[in-house]
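See structure below.
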Amino acid sequence: MHIPVLLQETINYLDPKENENFIDATLGQAGHSQEILKRNGPSGKILGIEQDKKILKITTNILKDLGYEKRIILINDNFVNLKEIVKKENFTKVKGIIMDLGVSSWHFEESNRGFTFLKDEPLIMTLDERKNPNAKEIINSWSQKDLERIFIDFGQERFSKRIAENIVLKRKIQPIETTFELIEIIKKSVPRSYEKGRINPATRIFMALRIAVNEELKNLENALPQSIDILEKGGKLIVISFHSLEDRIVKNIFKTQQKQGIVKILTKKPVEAGSEELKINQRSRSAKLRVIQKII
Ligand SMILES: C[S@@+](CC[C@H](N)C(=O)[O-])C[C@H]1O[C@@H](n2cnc3c(N)ncnc32)[C@H](O)[C@@H]1O
């Protein structure tokens, strides 16, 4: 089931009012958007961007059933193209933008694309299924050095070298096609004691692969300055990130833009989920929310 992360905090910061326009750059199942739509009627709009065609179809139906179809423009694209999309749609007077990064619970639970190491699924991991290469192609064709590099850079995994070595050895015998096949290799590459640690040894490798497949960090770096440009004076940008690499990018870009006198940082420290939310939503454990307000 989908529970939007840091929903109340997001709404408190955005503070949507009648007839105001917002952008949801990571629409997902529209958890955050629905709360905005409850508040920005009768003619306020949302431009909702989602790169995954399948989840967008599900969400389109949900929004139709709720009677919101006239006030939400749905776009199947990557937020890296934000400025272009906004221009094409002639979407103006943007009061707030939300970016709730990463994948949604639907991807883990229902997509069957190998996002989770808890189920045996094909290794795909693309959010936009038109995208190449997917996880299977990366695992089976990238050089040992390149695999090691993404495991280190995006997964900060201590045993990256051994894991990359064993992947290359295994794929010489037969292609690695599923999540469980990859997990088997990871388990064999790390010490037993490591396996009993706080997090599953596959966690970092799966995260690194997903980041590489979807170019998540590069897209975020490109999209943040675009978002700030698009906001009208006084408008707010809210970013919810789920790992330290993303959060660092957000923090640094916000600081640079504040130094240039373009924005004001409203969250000195990132906002995290409170104890009530932590109890009901696993995903909220690693969530960090940062907000800026455009001042020029
Ligand atoms: C954490 S979920 C968002 C959940 C949403 N806020 C909700 O409450 O339902 C992130 C969503 O953004 C999409 N997404 C991730 N990166 C994207 C990008 N670069 N461009 C467009 N959509 C993206 C994912 O496919 C996923 O559905």
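In nm, what is the difference between 0.36 nm times the number of residues separating LYS87 and ILE3 and their Cα-Cα distance?
27.1 nm
With the other protein chains left in place, how much accessible area per residue, in square angstrom, belongs to the chain at a 1.4 angstrom probe?
Dividing the accessible area of the chain by its residue count gives 50 Å².
What is the Å³ per residue value for the convex hull set by the Cα atoms of the chain?
Convex hull of Cα atoms, per residue: 133 Å³.
Springs between alpha-carbon atoms under 10 Å, Gaussian network over the chain: tell me which of ILE72, ILE58, ILE199 tops the mean-square fluctuations.
In this elastic network of the chain, the residue with the biggest mean-square fluctuation among ILE72, ILE58, ILE199 is ILE199.
Could I have the simple spin-label model distance between LYS119 and GLN156, label points 7 Å from Cα toward Cβ, reported in nm to one decimal?
So the two model labels end up 2.9 nm from each other.
In region 177-216, whose amide N lies under 12 Å from the spot 7 Å out along Cα-to-Cβ of GLN282? List them in ranges.
200
How high is the relative contact order of region 112-214, given as a whole-number percent (alpha carbon pairs under 8 Å, six or more residues apart)?
The value is 38 percent.
Most mobile of GLY67, GLY28, GLY96 per a Gaussian network model of the chain (Cα springs, under 10 Å)?
GLY67
Given +1 on the Cβ of Lys and Arg, -1 on the Cβ of Asp and Glu, and no further charges, what dipole in debye does region 112-214 carry about its Cα centre, rounded to the nearest 20?
Using Cβ point charges on Lys, Arg, Asp and Glu, region 112-214 gives about 340 debye.
Of the heavy-atom accessible surface of region 112-214 (probe 1.4 angstrom), what whole percent is carbon and sulfur?
For region 112-214, the apolar C and S fraction of the accessible surface comes to 51 percent.
Expressed as a rounded percentage, what relative contact order does the chain have, with Cα pairs under 8 Å and six or more residues apart?
Relative contact order comes out at 19 percent.
Give me the distance between the Cα centres of region 246-284 and region 64-105, rounded to whole Å.
Measuring centre to centre over Cα atoms gives 21 Å.
How about region 136-230: which trypsin sites (Lys or Arg not before Pro) there are in a DSSP loop, with at most 16 other Cβ atoms within 10 Å of their Cβ?
Here the sparse-neighbourhood loop sites are ARG158, LYS196, ARG198.
How large is ³J(HN,Hα) for each residue in region 271-280, as worked out from phi by the Karplus curve 6.51 cos²θ - 1.76 cosθ + 1.60 (θ = phi - 60°), to whole Hz, x for Gly and Pro?
7, 10, 5, x, 4, 5, 5, 4, 5, 9
Mean shadow of region 3-128, computed from the convex hull of its alpha carbons, in nm²?
Quarter of the Cα hull surface area: 7.7 nm².
Roughly how many nanometres apart are two label points built 7 Å out from the Cα toward the Cβ at GLU165 and ASN252?
3.1 nm
Taking region 13-55, which GluC sites (Glu not before Pro) meet the DSSP loop condition and have no more than 15 other C-beta atoms within 10 Å?
Taking region 13-55 and a limit of 15 other Cβ atoms within 10 Å, the loop GluC sites (Glu not before Pro) found are GLU18.
Add -39500 (n - 2.57) for each DSSP H run of 4 or more in the chain, then divide by its residues: what number comes out at 222 nm, to the nearest 500 deg cm²/dmol?
-14000 deg cm²/dmol
The values are calculated or read from the model by the stated rules, or taken from the named source; none is laboratory data. What you are looking at is a predicted structure, and each value in this text was computed from that prediction instead of being measured. Positions of Cβ are backbone-derived with ideal geometry, glycine not excepted, and every protein chain shown enters the neighbour counts. Side chains are part of the model used for accessible areas, which takes the heavy atoms of the whole protein and leaves out ligands, DNA and RNA. Shrake-Rupley method; radii C 1.70, N 1.55, O 1.52, S 1.80 Å.
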